[in-house]
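Before any comments, here is the structure.
We did not get these values from a lab; they are worked out from the coordinates using the rules stated. On a predicted model such as this, the values are computed, not experimentally measured, just so you know. FYI the Cβ positions are ideal-geometry reconstructions off the backbone, even for glycines, and counts take in every protein chain you see.
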Amino acid sequence: MVILFLMASALLLPSPAAAPARLKEAYKGLKTLEGRFVQVSYIKDLGKEETFKGVFYLKVPDRMKWIYTEGSSDEVYLNGKEMVVYQPSEEQAFISEVGGYGLGSTPLSILLGLEELERNFHLKAGDGRILLRPKAARSLVDSVELVLSEEGFPVRRIRLLDSYGNSTELFLSDVKRNAAVEDSLFTFTPPPGTAVIRR
C-alpha cells in the first residue's frame, strides 16, 4: 500500500518545553506497546481519502507489527533492519531495508523512541502538540504532528504530511504499556504459495 511508504482537540500544557519532557518521561522503562488504531489516509493526486482500522504491537528498540482489520488485510512487520509488507489478498510479500525509507516509512515508527526523532527532526512544542520538521534538506516527510493526551500513553494522534501533499493520520486507542509480547510475533513466515519480492 502506497500510504505505508509515503507516509484533534488541543491539550494546553503549562509551557512549550513540557511536551517533549512528558514524552521523555513516558518512554522511560518502555519495553512494549500495543493498541488499536484508525488510519485516515489522503492521496492528493487521486483526491481520495481512505479509512483503515487495525491493531499494533511494538517492542523497543526496533520491532513492530501492525495488522489491518478493516479496509485492508495487509500485515506489516519491522524486525531489526527489515520491513515486510504482506498482502494476503495478493499472495505476495515485499521485503525492504528499513533504512531505505527512513522514519517516514510509517507514522507508527515514531512510537519506537525519541532518539531518532531528536536526531532527525526539529521539534517545536506547544498547545498540546509537537510539530516535527526534518533537518535534512531532502526528505519524503514534510512534517509530523503529534497530538498529546493528558491520560494514559501521551500520544493519541499522529499526523504525517509528505512532500507530495499526501497525509496520513493515526488515531490511537486502548494503548497498553509493557505487556508481555513474544519476539516470534514480529517474525514473518510466508505461507505456502506466497511470492516474496525483495527490493
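In whole Hz, what ³J(HN,Hα) sequence does the stretch 56-68 give by Karplus (6.51, -1.76, 1.60; θ = phi - 60°), x for Gly and Pro?
9, 9, 10, 9, 5, x, 8, 10, 8, 9, 9, 10, 7
Can you pull out the trypsin sites (Lys or Arg not before Pro) in the stretch 21-50 whose DSSP state is coil and whose Cβ has at most 15 other Cβ atoms within 10 Å? Could you put the intermediate results ahead of the total?
Details: sites: 22, 24, 28, 31, 36, 44, 48; in loops: 28, 31.
For trypsin sites (Lys or Arg not before Pro) across the stretch 21-50 that sit outside H, G, I, E and B with at most 15 neighbouring Cβ atoms in 10 Å, the list reads 28, 31.
Express in nm, to one decimal, how much length is gained between residue 90 and residue 21 on full extension, taking 0.36 nm for each residue of separation and deducting their alpha carbon distance. Before the final figure, lay out the partial values.
Values: separation 69, 0.36 × 69 = 24.84 nm, distance 4.38 nm.
Extra length from residue 90 to residue 21 when fully extended: 20.5 nm.
Give a quick list of chymotrypsin sites (Phe, Trp or Tyr not before Pro) in the stretch 146-191 that DSSP marks as loop, anything other than H, G, I, E or B, with at most 14 other Cβ atoms within 10 Å. Don't jump to the answer; show the numbers that get you there.
Numbers: sites: 164, 171, 186, 188; in loops: 164, 188.
Passing both the DSSP loop test and the Cβ count: 164.
Going down the list 24/44; 24/65; 24/48, which pairs span over 32 Å between their C-alpha atoms?
Details: 24/44 34 Å; 24/65 23 Å; 24/48 36 Å.
Beyond 32 Å between Cα atoms: 24/44; 24/48.
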